[in-house]
1. Identify, please: which residue in the range 130-143 is over 10 Å from the mean Cα position of the chain (by Cα) and buried (at least 21 other Cβ atoms within 10 Å of the Cβ) and is, among those, farthest from Ala173 (Cα to Cα)?
2. Give the residues of the range 178-220 that are surrounded by 11 or more Cβ atoms within 10 Å (Cβ to Cβ) and assigned to a loop (DSSP other than H, G, I, E, B), sorted by residue number.
3. For the range 165-177, does any single residue satisfy the condition of being more than 30 Å from Gln82 (Cα to Cα) and not in a helix (DSSP H, G or I)?
4. Could you say which residue among Leu129, Leu101, Leu137, Leu164 is under 30 Å from Phe204 (Cα atoms) and free of Cβ contacts under 8 Å to residues at least 24 places away in the same chain?
5. Looking at (1) in a helix (DSSP H, G or I); (2) farther than 16 Å from Ala194 by Cβ, which one does Arg126 not meet, given that it meets all the others?
6. What's the number of the only condition in (1) among the polar types (S, T, N, Q); (2) within 30 Å of Arg174 (Cα to Cα); (3) modelled with pLDDT under 55 that Gln27 fails to meet?
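The values are calculated or read from the model by the stated rules, or taken from the named source; none is laboratory data. Source: prediction; values computed, not measured. Counting neighbours? That spans all protein chains shown, and the Cβs are built from the backbone with ideal geometry, glycine included.
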Amino acid sequence: MAKEKRKEDKPTEELLVLHEKWVHFAQRHIREIVVAAIAIVLVVAVWSGFSYYQKQKAEKAAVLLTQAIMTQDQNQRESLYQQIIKKYGGTPAALEARMALFEEYYSQKKFDKAFSELKQIESKARGDLKYFSFLGLGYVNEEQKKFPEAEADYMKAAKARIGLEKVAYWDLARVAELQNKTKEAINYYEELMALQPVGEKLTFIQVKLARLENKQGQKP
């Protein structure tokens, strides 16, 4: 009987490990998550019609951005990104430069600076881009173990109801568990169940709910 139980537990543990790997992947690719939203916003801006002056400014900024990307020296590269932001603010290249700086700082574990750059993007963002930014801010806060702040950011992304809830509720459940907030974690996994997951995702949520509800039931 014990052997059968161990066999049943093995796939469950593999699912838990798989989910943790997915979390680490997502945290390493914050830039791609946010840039995907930026790209959509910028395409709309271009097609809606820049003035001649704006186009000239955008082109000059794009040239400098290309130069920055190709620069090998880290300090010089960061300096060029900062120059683009200062001289060509409001252009697509300036937004991309901020994201590039965010990536530079994040990879160096300079989380305060990384947070600052992403916060600047969030403060100027409109529409869906703002909610993508909240997701990124949540990851930076979580990396610094600022779990309440991360939870607040993820909640903003989830409540937007633009599709991000499919990611954000996973993040909310995770940070709730990290804070030993069992009841809240159960609520977040139930929100995920409401999104009608299938396959391994469904199995993972069912396993998590069973474990958390058992834990909740053991509390005095």
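1. Step by step, filter the range 130-143, then rank; the result is Asn141.
2. Scanning the range 178-220 gives Gln179, Lys181, Leu195, Pro197.
3. no
4. Going through Leu129, Leu101, Leu137, Leu164 in turn, the sole match is Leu137.
5. Arg126 satisfies all of (1) in a helix (DSSP H, G or I); (2) farther than 16 Å from Ala194 by Cβ except (1).
6. Of (1) among the polar types (S, T, N, Q); (2) within 30 Å of Arg174 (Cα to Cα); (3) modelled with pLDDT under 55, only one is false for Gln27: (3).
Quick grid of which residues meet (1) in the same structural domain as Ala185 (by TED's automatic domain parsing); (2) at pLDDT 90 or above; (3) touching a strand residue (DSSP E or B) at 6+ places or on another chain (Cβ under 8 Å):
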{"residue": "Glu59", "(1), (2), (3)": "no, no, no"}
{"residue": "Ala62", "(1), (2), (3)": "no, no, no"}
{"residue": "Glu78", "(1), (2), (3)": "no, yes, no"}
{"residue": "Pro92", "(1), (2), (3)": "no, no, no"}
{"residue": "Gly136", "(1), (2), (3)": "yes, no, no"}
{"residue": "Phe147", "(1), (2), (3)": "yes, yes, no"}
